[in-house]
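Here, each number is a calculation from the coordinates, and none is a lab measurement. Keep in mind the model is a prediction, meaning the values are calculated, not measured. Quick reminder, even Gly has a Cβ in these numbers, built from the backbone with ideal geometry, and neighbours come from all protein chains shown.
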Amino acid sequence: MELKTPVIVRMAPSPTGDAHVGHARTTLYDYLIAKQHGGTFIMRIDDTDTKRHVEEAEEGVFRGLHWLGLDWDEGPDKPGPNGPYRQSERLDIYRKYVDQLFSEGKAYECFCTTEELAAEREAQQAAKEDIKYSGKCRCLPSADKDRLRAEGRVPTVRLLTPDKKVGFQDLVRGWIEVDTTLMGDFVILKSSGIPVYNFATVIDDHMMKINPVTRAAEHIANTPPQILIYEALGWEPPQFAHFSTMLNEDRTKMSKRKGATYIGQYAEMGYLPEAMINFLAFLGWSPGGEVDNEILTIDDLLEKFSLEQCTASNAIFDIKKLDWLNGQWIRKISAEDLGSRILPFLQKAGLVEGDVDGHWLTKMAALVHERLNRLDEASQWLHYFFQEPAVPVEEIQKTLKKQENGKAGLEAILNALQEMDWQEAELEAGLHKVQEELGWGNKELFMSLRLILSGGKVSPPIFPTMEVLGKEKCLVRLERAISAL
RNA sequence: GGCCCCAUAGUGAAGCGGUUAACACAUCAGCCUUUCACGCUGACGACGCGGGUUCGAAUCCCGCUGGGGUCACCA
């Protein structure tokens with residue numbers, strides 16, 4: 001189905017303090033759609049729920065999105081022709097349209113209390129009837145209204161919903177149709193004078209000329225009532241696209257209790273924004289056909305993305321694949337870049353205070369470049385560059401058990417090392433020479449050296465490690481080990 | 001429970017009436033290797049079930065089953 005032009009998309013999060021991964025994916029798709037069509041991307045804050053509103057929460061959402069490298073053309077932080085961009089600042093606008101519907105007889109006041117409505121619903125549930133508003137206040141005589149008002153009741157406004165079928169052509173799912181008799185007259189203006197989400201959204205989307213309306217699948221059920229509002233106002237509904245839901249491994253909706261759901265958490269775990277974007281893009285979309293490479297930059301996505309290739313089925317957030325993708329991205333950036341990205345994690349692990357010599361940092365990054373899947377793993381690979389590791393005496397003895405003169409051999413190595421030029425290549429040549437003289441096997445020589453220098457059995461290749469560690473530290477550790485044996 | 005959406009290997013997915021049903025992650029094996037990785041090669045592994053339609057169905061239709069969403073003066 002063709003996309004109507006001009007393309008103006010919007011992302012409308014409620015301010016929750018951080019960007020949910022679902023927000024992030026929708027924002028990414030919005031961003032791509034807008035850019036691909038030379039359109040506009042508007043950020044709008046849906047904060048009509050005053051009870052939940054938290055200051056700074058909006059900023060938190062933006063921070064997460066910005067970290068990913070996503071940005072928009074207009075929004076609360078980017079004034080433009082369609083402002084204001086917070087629903088809480090557009091209340092007058094909504095009011096006007098409520099009044100219009102009211103005066104046209106398309107909406108009416110409802111004096112039912114929350115308790116009465118809850119009781120009504122319960123009764124319906126018990127009787128296994130459809131759960132919907134009965135329409136009790138539809139034809140309330142004005143005398144009754146006055147009486148209720150005098151009692152102090154403040155009415156809500158409900159839309160008079162016609163009995164019919166409403167449908168729409170979803171850009172990713174095709175035709176979706178619902179019978180309105182199932183939903184009853186719904187509230188459009190709360191008694192507080194603030195419109196309900198569905199109403200505010202329609203007004204904003206229409207005034208901002210949003211097309212297509214893009215959002216997650218949980219909004220499918222909101223679409224029919226929204227279309228009814230468009231129709232009541234005499235407006236033409238936009239095109240809609242509902243993206244698949246992201247699920248936990250156990251197929252439940254992603255939530256805080258079941259692992260990381262916020263972008264900020266992924267940043268802290270050491271994922272690269274580039275990898276996150278790459279990963280999120282593939283959850284609910286695929287380039288289709290033959291793909292030679294799944295490592296895509298945002299520019300690649302700009303070229304390949306299409307609404308048509310979006311999937312309608314729910315997708316499980318597979319963190320293992322994210323890990324792999326993140327590793328791929330780590331390998332893709334330069335060692336220097338990796339170094340600067342690793343630094344905060346080394347600081348957080350308490351290995352580094354303040355700055356580190358950039359050249360040295362780059363060399364360390366190079367050592368772990370092919371070994372990292374996440375940035376936070378750097379500390380476990382590099383700790384011994386900053387801290388003296390304990391001497392693993394037992395492991396060293398085990399490694400040298402076939403050598404009667406293990407200790408003497410290590411002393412010979414120490415002596416030879418003292419004379420060496422501290423360059424990777426020199427060290428390699430020099431140590432091979434010592435190895436020949438000693439007659440030790442690879443494992444005996446290099447594993448014991450690795451144990452002594454790094455304190456463990458696993459490390460990057462030994463020669464570059466020695467070079468980066470420096471002559472002094474290496475000799476000291478060797479001496480320490482010899483006396484400990 | 002009503003309504004809506006969805007359904008290809010463990011996961012992400014290609015496929016749009018005729019294919020030996022791609023590819024990627026994960027898993028397993030081998031190679032590479034001075035440890036760990038990276039890399040390379042290979043293996044395992046799928047059309048949820050039942051009916052139609054059709055010469056022919058993963059592809060179209062219906063039912064079932066399963067999963068998800070939604071039924072608020074939340075968004």
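Observations on the model:
- Region A:1-159: proportion of alpha-carbon pairs further apart than 27 angstrom, %: 48
- In nm, spacing of pseudo-spin labels at A:Lys332 and A:Ser134 (7 Å Cα→C-beta vector): 6.0
- Candidate aspartates and glutamates - alpha carbon under 14 Å from A:Lys401, same-chain residues fewer than 8 apart omitted: A:Glu444
- Relative to the longest principal axis of the Cα atoms of chain A, the long axis of helix A:406-418 lies at roughly 80 degrees.
- Here region A:339-384 and region A:131-201 have alpha carbon centers that stand 58 Å from each other.
- For A:Lys402, the lysines whose Cα falls under 27 Å of its own Cα, not counting residues fewer than eight places away in the same chain, are A:Lys433, A:Lys443, A:Lys457.
- Of the cross-linked pairs A:Lys253/A:Lys320; A:Lys253/A:Lys348; A:Lys132/A:Lys190; A:Lys363/A:Lys471; A:Lys164/A:Lys253, those separated by over 27 Å at the C-alpha level are A:Lys253/A:Lys348; A:Lys164/A:Lys253.
- Peptides ranked, highest mean first, by Cβ atoms within 10 Å: ranges A:415-428, A:194-207, A:436-449, A:229-242: A:194-207, A:229-242, A:436-449, A:415-428
- Our analysis of region A:358-436 gives Rg over Rh at 1.04, with the two radii drawn from alpha carbon positions and Rh computed by the Kirkwood formula.
- Semi-axes of the equivalent ellipsoid for region A:35-124, Cα gyration tensor, largest first, Å: 35, 20, 13
- Average Cα contact separation per residue, region A:352-476, under 8 Å, 6 or more apart, as relative contact order %: 34
- Contour minus Cα-Cα distance for A:Asp323 and A:Ala118 (0.36 nm per residue): 69.1 nm
- Histogram of C-alpha separations across region A:326-391, 10 Å bin width, %: 23, 58, 17, 1
- Modelled FRET efficiency - R0 60 Å, A:Lys253 with A:Val393, Cβ distances, 0.05 increments: 0.70
- Region A:426-485: relative contact order in percent, alpha carbon pairs under 8 Å with at least 6 residues between: 28
- Applying a 4.7 Å Cβ-Cβ cutoff to chain A, the cysteines left without a disulfide-compatible partner are A:Cys112, A:Cys139, A:Cys310, A:Cys474.
- Against the compact-protein benchmark of 2.2 N^0.38 Å, the Cα-based radius of gyration of region A:390-485 scales to 0.95.
- Only lysines eight or more places from A:Lys209 in sequence, or on another chain, were considered; those with a Cα closer than 16 Å are A:Lys4.
- Simple rule: put +1 on each Lys or Arg Cβ and -1 on each Asp or Glu Cβ in chain A, find the dipole, and look at A:Asn198, A:Asn211, A:Leu485; the Cα lying farthest toward the positive end is A:Asn198.
- Projected area, mean over directions - region A:70-195, Cα convex hull, nm²: 11.8
- Sequence-separation-based contact order of chain A, relative, with Cα cut under 8 Å and 6+ spacing, percent: 12
- Taking 18 Å as the cut-off, the amide N atoms of region A:182-207 that come nearer than this to a point 7 Å along the Cα-to-beta-carbon line of A:Trp235 belong to A:186-190, A:194-207.
- Average projection area in nm² (convex hull over Cα atoms of region A:187-306, one quarter of hull surface): 11.0
- On the beta carbon distance between A:Asn314 and A:Phe102, with R0 = 30 Å, the FRET formula returns roughly 0.15.
- When DSSP beta bridges are restricted to pairs lying wholly in chain A, around 60% turn out antiparallel.
- With 10 Å bins from 0: P(r) over chain A, alpha-carbon pairs, percent: 4, 16, 20, 18, 13, 10, 8, 6, 4, 1, 0, 0
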